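All remarks here apply to the structure that follows.
The values are calculated or read from the model by the stated rules, or taken from the named source; none is laboratory data. Note that the structure is predicted; figures quoted are calculated from it, not measured. Methodologically, a virtual Cβ is constructed for each residue, glycine included, from the backbone with ideal geometry; neighbour enumeration extends over all protein chains shown. Side chains included, ligands, DNA and RNA excluded: accessible areas come from the protein's heavy atoms. Shrake-Rupley method; radii C 1.70, N 1.55, O 1.52, S 1.80 Å.
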Amino acid sequence: MGALRQGLEQVQWVRRVVDLSTARVLEIGCGWQPIIPILFSVAGAHAVVMTDLTRLCHIESFRATAERVLENRALIMEWLQLPESAFDRLVASRSAESLEAALKLLSIEYLAPCDMRRPQLADDSIDAITSRACLEHI
């Protein structure tokens, strides 16, 4: 629940300064459970890039995270003022055969391995950067 609440706060903070419907959001260090990228996708981000130094996220951990987000749908809808339909793509992503297919449904790209000390991203390609528990390691 701590990660979920922190993710909801991050979405709220970013929405204050960036129009998510046109934004490409980068999360540094998504780890095994990509809760922040999923929340940004559900909240309407145009695209999300999640990164890890080492590939940690797999289809099983993605599905577990998707289930956790869906279990907390009412809380998320209240915090972010979202309609129930905001979760349609997430529901569909649970039956994807691969992590890449699931993420594609959510407009999420996974870069791993990705060393953020030397990012492989084009200049001006990111509108917002977020990280929950990683920057202290960089």
So if I check each of GLU60, GLU71, GLU67, GLU84, which one is at pLDDT 95 or above, under 15 Å from the mean Cα position of the chain (by Cα), acidic (Asp, Glu) and open to solvent by 40 Å² or more (accessible area, probe 1.4 Å)?
GLU67
May I ask you to verify whether ASP123 is open to solvent by less than 40 Å² (accessible area, probe 1.4 Å), over 17 Å from PRO37 (Cβ atoms) and in a loop (DSSP other than H, G, I, E, B)?
no
Can you tell me which residue is most open to solvent (accessible area, probe 1.4 Å) among those in the range 11-46 that are in a helix (DSSP H, G or I), more than 13 Å from ILE76 (Cβ to Cβ) and not charged (D, E, K, R)?
TRP13
Restricting attention to the range 97-120, report how many residues are open to solvent by less than 100 Å² (accessible area, probe 1.4 Å), of a type in the set (D, E, K, R) and either assigned to a loop (DSSP other than H, G, I, E, B) or within 19 Å of VAL18 (Cα to Cα) (or both).
1
